[in-house]
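The values are calculated or read from the model by the stated rules, or taken from the named source; none is laboratory data. Treat the numbers as computed from the prediction; the structure is a model and nothing was measured. Note: ideal-geometry Cβ built from the backbone for every residue, glycine included; neighbour counts use all protein chains shown. SASA here: full protein model, heavy atoms, side chains in, ligands and nucleic acids out. Shrake-Rupley method; radii C 1.70, N 1.55, O 1.52, S 1.80 Å.
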Amino acid sequence: MSQKLLKIGVAGLGRLGRRYAENLARHVPRARLDAVCSPIADEVDWAREQLGVQRAYADYAAMLADPELDAVFLITPTSLHPQQIEQALDAGKHVFCEKPLSLRMDECRRTVEHARCHPGLRAMVGFVRHFDASYRQAKTRIDDGAIGKPFLVYSQTADLFDPSGAFVKFAPTSGGLFLDCSVHDVDLARWLLGRPKARRVYAMGTIAAYPDLQAIGDIDNGVAVCEFDNGCMAMFYASRTQAHGHETCTDVVGTAGKLSIGRNPRLDRLEIADAHGVRSLSTANFFERFGDAFLSQCSHFVDAVLDDQPFDLDLEDAAEATRIAIALRESLQTRQPMDL
């Protein structure tokens with residue numbers, strides 16, 4: 001008996017889009033990468049030459065009109081996400097979209113309602129840390145009562161310092177540090193604490209290394225606290241200036257113990273001893289840290305659609321993470337706590 005495959009088109013073939021395309025083409029057993037979409041000819045040529053994709057589109061609407069496709073993956077600019085999700089659903093396609101759902105709450109709400117009008121189709125926004133083996137193990141232990149009742153999460157996203165400052169060109173469309181980076185930690189905190197709603201947030205930040213961010217009202221280091229409606233709390237730290245590499249880590253504190261995930265950002269188990277001392281190399285970027293999780297996330301989407309199983313997280317989860325991250329940005333700008 002032949003295995004049923006989900007026929008997928010990928011829109012967006014930048015650095016991360018290529019990773020998704022490679023996973024779907026080579027490593028997800030029940031997926032078939034049938035088409036790609038990009039207005040950039042070099043990106044389309046790469047997909048043809050490296051992945052053997054035959055159907056390529058410069059126009060997103062044209063790819064959606066492809067009757068052979070079952071689903072689309074959107075690895076496109078955030079400003080396009082809401083409209084592209086809705087267009088895909090209207091075209092009869094299941095949708096996976098990279099985070100965040102949007103940078104605006106009115107768009108989040110509109111897209112969530114739009115998806116409800118298509119009950120036969122599935123839509124998911126990717127928060128890749130849900131699919132990291134260490135985080136999933138921590139969630140299982142919490143659910144099993146290993147640390148008693150969890151009441152506090154500390155979580156951080158800290159990126160390697162880039163002396164070229166190249167990301168500053170992207171910053172004006174990123175939504176700011178909290179929406180671009182801390183939205184991952186917000187989502188994690190809600191997941192690990194039982195998906196509570198936020199009640200109040202407060203944020204502060206500074207520009208430690210990239211003065212050009214001042215002109216657009218952004219920061220390169222920020223901290224925040226969040227109070228949830230079930231009495232739990234969370235603390236977040238986001239940074240673009242780490243000297244040693246990318247460091248994502250999370251602590252969950254409960255009434256009977258504590259779990260720590262990712263506290264040592266080692267690239268591997270190699271230790272180097274030389275004239276500079278004893279040291280280990282660190283992960284340089286988020287994909288080195290979460291490469292396996294990106295693959296697991298793709299497999300989860302494909303399997304859930306084909307087997308009609310629930311997603312680990314839905315559009316409402318993505319909308320709530322965005323709501324909290326927007327409030328963090330507003331708190332930073334006003335220097336006041338924000339009630340949600």
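Tell me which residues, restricted to segment 153-188, are open to solvent by less than 20 Å² (accessible area, probe 1.4 Å) and either charged (D, E, K, R) or part of a helix (DSSP H, G or I) (or both).
If the condition is that a residue be open to solvent by less than 20 Å² (accessible area, probe 1.4 Å) and either charged (D, E, K, R) or part of a helix (DSSP H, G or I) (or both), then A171, L177, F178, L179, C181, S182, V183, D185, V186, D187, L188 are the ones that fit.
Has segment 6-29 got any residue that is surrounded by fewer than 24 Cβ atoms within 10 Å (Cβ to Cβ), modelled with pLDDT of 95 or more, among the hydroxyl-bearing types (S, T, Y) and out of contact with any Lys or Arg (no Cβ under 6 Å at 6 or more places or on another chain)?
no
Just to verify a result, which residue in segment 105-144, among those that are touching a residue at least 40 places away in the same chain (Cβ under 8 Å) and part of a loop (DSSP other than H, G, I, E, B), is farthest from L16 (Cα to Cα)?
R122
Can you name the number of the only condition in (1) within 23 Å of E320 (Cβ to Cβ); (2) among the basic types (K, R); (3) in contact with a Ser or Thr (Cβ under 9 Å, 6 or more places away or on another chain) that R266 fails?
(1)
What is the number of the single condition among (1) within 20 Å of the chain's Cα centre (by Cα); (2) under 25 Å from Y202 (Cα atoms) that P150 does not meet?
The failed condition is (1).
Could you check I75 against (1) open to solvent by 10 Å² or more (accessible area, probe 1.4 Å); (2) more than 16 Å from the chain's Cα centre (by Cα); (3) at pLDDT 95 or above and say which number it fails?
(2)
Looking only at segment 253-298, filter to residues that are over 26 Å from G126 (Cα atoms) and touching an Asp or Glu at 6+ places or on another chain (Cβ under 8 Å); which one of those is most open to solvent (accessible area, probe 1.4 Å)?
The qualifying residue most open to solvent (accessible area, probe 1.4 Å) is K258.
How many of the residues in segment 283-311 are within 18 Å of the chain's Cα centre (by Cα), under 19 Å from I8 (Cβ atoms) and not in a helix (DSSP H, G or I)?
1
Hey, A58 hits all of (1) open to solvent by 40 Å² or more (accessible area, probe 1.4 Å); (2) under 23 Å from the mean Cα position of the chain (by Cα) but one; which does it fall short on?
That leaves (2) as the condition not met.
Yes/no per residue for (1) modelled with pLDDT of 95 or more; (2) open to solvent by 30 Å² or more (accessible area, probe 1.4 Å); (3) within 24 Å of the chain's Cα centre (by Cα):
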site	(1), (2), (3)
A209	yes, yes, no
F228	yes, no, yes
C232	yes, no, yes
Q242	yes, yes, yes
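Within segment 51-59, identify whether any single residue is of a type in the set (F, W, Y), under 23 Å from S102 (Cβ atoms) and modelled with pLDDT of 95 or more, and answer yes or no.
no
Among the residues of segment 154-185, which ones are in contact with an Asp or Glu (Cβ under 8 Å, 6 or more places away or on another chain) and under 19 Å from F236 (Cα atoms)?
Selection gives Y154, S155, Q156, T157, A158, S174, G176, L177, C181.
Within segment 79-104, how many residues turn out to be surrounded by fewer than 19 Cβ atoms within 10 Å (Cβ to Cβ) and part of a helix (DSSP H, G or I)?
Going through segment 79-104 one residue at a time, the tally reaches 5.
Of a type outside the set (G, A, S) and out of contact with any strand residue (DSSP E or B) (no Cβ under 7 Å at 6 or more places or on another chain): is that true of L179 in this structure?
yes
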